[in-house]
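Quick notes on the structure that follows.
The values are calculated or read from the model by the stated rules, or taken from the named source; none is laboratory data. All figures in this text were calculated on a predicted structure; none of them were measured in a lab. Don't worry about glycine lacking a Cβ; one is built from the backbone with ideal geometry, like all the others, and counts go over all protein chains shown.
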Amino acid sequence: MTCEKDIDRRGQTAQGDEDDGDARTGRRGFLKDVGKAVASIGALAASGTALLATKQTAQAAAEPGPPAIAGYDWNEHQWGYGIDATRCIGCLRCVEACKAENDVVPTAHHFRTWVERYVWLEGEERPHVDSHSDPDNVAASGSEKEYRFDNRYQGKKVYKAFFVPKICNHCRHPSCVQVCPTGATFKTKDGAVLIDHSYCIGCQYCVQACPYGARFFDPRTQVTEKCTWCYHRITKGLKPACVEVCPVNARIFGDLNNEASDISKFVTENRVQVLKPETGNAPTCFYVGLDKEVS
């Protein structure tokens with residue numbers, strides 16, 4: 001599998017050659033200096049107007065164009081994602097596939113997608129929740145690159161249990177886009193929320209603003225990372241890596257503009273819900289089979 005390439009603000013796939021690398025490094029250094037200045041200004045009580053003007057200027061300069069991908073028109077698509085928690089078996093193949101496809105930091109604590117385990121024991125009112133990054137689960141797998149859930153509940157009286165896959169929700173009104181001071185995080189016309197790393201200054205405002213904990217800071221590149229629905233794949237007619245490898249079809253992806261697509265059928269044929277609707281982010285990741293304790 002190939003690693004995902006950055007999509008720059010002109011909508012072109014970054015080639016990663018030496019000249020482009022120098023240009024991006026220089027621009028990122030400049031933007032970091034600007035970002036530090038903005039952050040300092042933001043600390044002053046009377047700086048609201050200046051901060052807003054700086055952000056608006058940066059975002060206007062970084063207005064994205066359509067991706068330069070042969071045969072692809074983002075005006076023709078509206079992507080959506082579905083998760084059936086009643087099907088997920090917690091195998092974690094999706095997490096491993098995402099790591100390999102997108103060259104995610106090889107530790108259990110950096111990930112674009114993850115799976116949570118919810119377990120209710122008899123006589124208890126609240127569930128026990130853990131994920132593949134739990135220390136005991138990491139120890140059970142014996143590797144930072146392979147993931148397993150341990151058998152901690154073996155022999156206990158389990159009343160109910162299920163797994164919940166999670167990703168970036170690619171919201172219609174993403175709070176991460178609103179707080180980004182440089183316009184590096186942006187919403188595409190086909191529904192994805194992406195990051196232009198040539199503009200990211202690593203301030204991590206978006207990490208703090210995301211109500212779903214779907215973003216992380218990459219210590220290797222000093223920029224923010226997140227799920228992109230494998231944008232380099234879906235724009236070529238392929239499925240995201242996590243959807244491709246799921247053995248029980250718990251993950252569903254497709255074009256909401258196409259009534260015959262898997263995601264359109266999933267949304268219309270099921271009583272779906274989204275996570276934290278009260279935030280106003282309007283996610284386009286739809287769930288089936290959740291209990292109220294899942295957020």
Within the range 220-248, which residues are more than 20 Å from Val207 (Cα to Cα), among the β-branched types (Val, Ile, Thr) and in a loop (DSSP other than H, G, I, E, B)?
Thr235, Val248
Has the range 63-76 got any residue that is under 24 Å from Asn249 (Cβ atoms), assigned to a loop (DSSP other than H, G, I, E, B) and out of contact with any helix residue (DSSP H, G or I) (no Cβ under 6 Å at 6 or more places or on another chain)?
no
Out of all the residues in the range 194-251, which are out of contact with any helix residue (DSSP H, G or I) (no Cβ under 7 Å at 6 or more places or on another chain) and among the aliphatic types (A, V, I, L, M)?
Ile195, Val207, Ala214, Val223, Ile234, Leu238, Val243, Val248, Ala250
Is it the case that the range 263-278 has a residue that's of a type in the set (Gly, Ala, Ser), farther than 19 Å from Val164 by Cα, in contact with a Gly (Cβ under 9 Å, 6 or more places away or on another chain) and in a loop (DSSP other than H, G, I, E, B)?
no
Six or more apart or on different chains, Cβ atoms under 6 Å: show the pairs whose first residue is in the range 145-161 and under 18 Å from Cys88 (Cβ atoms) and whose second is at pLDDT below 95 and among the hydroxyl-bearing types (Ser, Thr, Tyr).
Tyr147/Ser141; Arg148/Ser141
Assess whether Arg126 counts as being loosely packed, with under 12 Cβ neighbours inside 10 Å, assigned to a loop (DSSP other than H, G, I, E, B) and at pLDDT 90 or above.
yes
List the residue pairs whose Cβ atoms are under 7 Å apart, where the first residue sits in the range 197-215 and is at positive phi and at pLDDT below 95, the second is crowded, with 18+ Cβ neighbours inside 10 Å and among the aliphatic types (A, V, I, L, M), and the two are 6 or more positions apart or on different chains.
none
Does the range 165-177 contain any residue that is touching a Leu at 6+ places or on another chain (Cβ under 9 Å), within 26 Å of Gln273 (Cβ to Cβ), outside any loop (DSSP other than H, G, I, E, B) and at pLDDT 95 or above?
yes
